[in-house]
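The values are calculated or read from the model by the stated rules, or taken from the named source; none is laboratory data. Since we're looking at a predicted model, the values are computed, not measured. Every residue, glycine among them, receives a Cβ derived from its backbone with ideal geometry; neighbour counts consider all protein chains shown. Accessible surface areas use protein heavy atoms only, side chains included; no ligands, DNA or RNA. Shrake-Rupley method; radii C 1.70, N 1.55, O 1.52, S 1.80 Å.
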Amino acid sequence: MKRIGARGEGKWQPISWDEAFDLIETKMKAIRAAHGPESVVFNAGTGRDIYPWICMLAYAFGSPNVMFGLSGQACYGPRVAAVDTVQGDYSVFDAGQWFPDRYDDPRFKVPECMIIWGYNIHATCPDNLFATGSSI
């Protein structure tokens with residue numbers, strides 16, 4: 001989706017992946033032309049298999065600024081902050097952390113149903129689910 005109105009208006013237009021990549025490339029080239037390649041920092045958080053790709057992207061862009069944050073710096077920390085803001089405390093989907101023995105506590109039951117809105121767990125953060133695992 002591409003924003004077509006002012007920020008906050010909620011006006012969006014569907015675009016293809018090719019259009020999205022072209023738009024990103026155009027904007028990144030404009031930033032490089034106006035401010036130099038050193039003005040962009042390429043960051044990776046928890047990692048998985050993205051580190052070599054981030055390095056190649058930074059190298060192709062001309063930026064020496066590659067940052068490998070601590071595990072969770074780009075994903076887990078913001079997730080904890082957002083959930084704390086909304087719920088007043090942090091909990092994983094199945095809330096097993098509320099028991100002293102967590103998932104070994106006899107009172108813990110694997111949820112029969114969970115509604116997860118706007119989050120493609122298996123593609124973006126499979127380690128966020130613990131006791132529920134691949135049962136979703």
Legend entry - ARG107 being in a loop (DSSP other than H, G, I, E, B), open to solvent by 80 Å² or more (accessible area, probe 1.4 Å), modelled with pLDDT under 65 and among the basic types (Lys, Arg): no
Inset, instruction - Check PRO52 against each of (1) farther than 20 Å from PRO64 by Cα; (2) exposed (fewer than 10 other Cβ atoms within 10 Å of the Cβ); (3) not hydrophobic (A, V, I, L, M, F, W, C) and name the one condition it does not meet. - result: (1)
Legend entry - Breaking point among (1) at pLDDT below 65; (2) under 30 Å from ARG32 (Cα atoms); (3) over 20 Å from the mean Cα position of the chain (by Cα), for ALA131: (2)
Legend entry - Candidate set: region 40-49, residues that are open to solvent by less than 70 Å² (accessible area, probe 1.4 Å) and within 17 Å of the chain's Cα centre (by Cα); chosen: the one modelled with the lowest pLDDT: GLY47
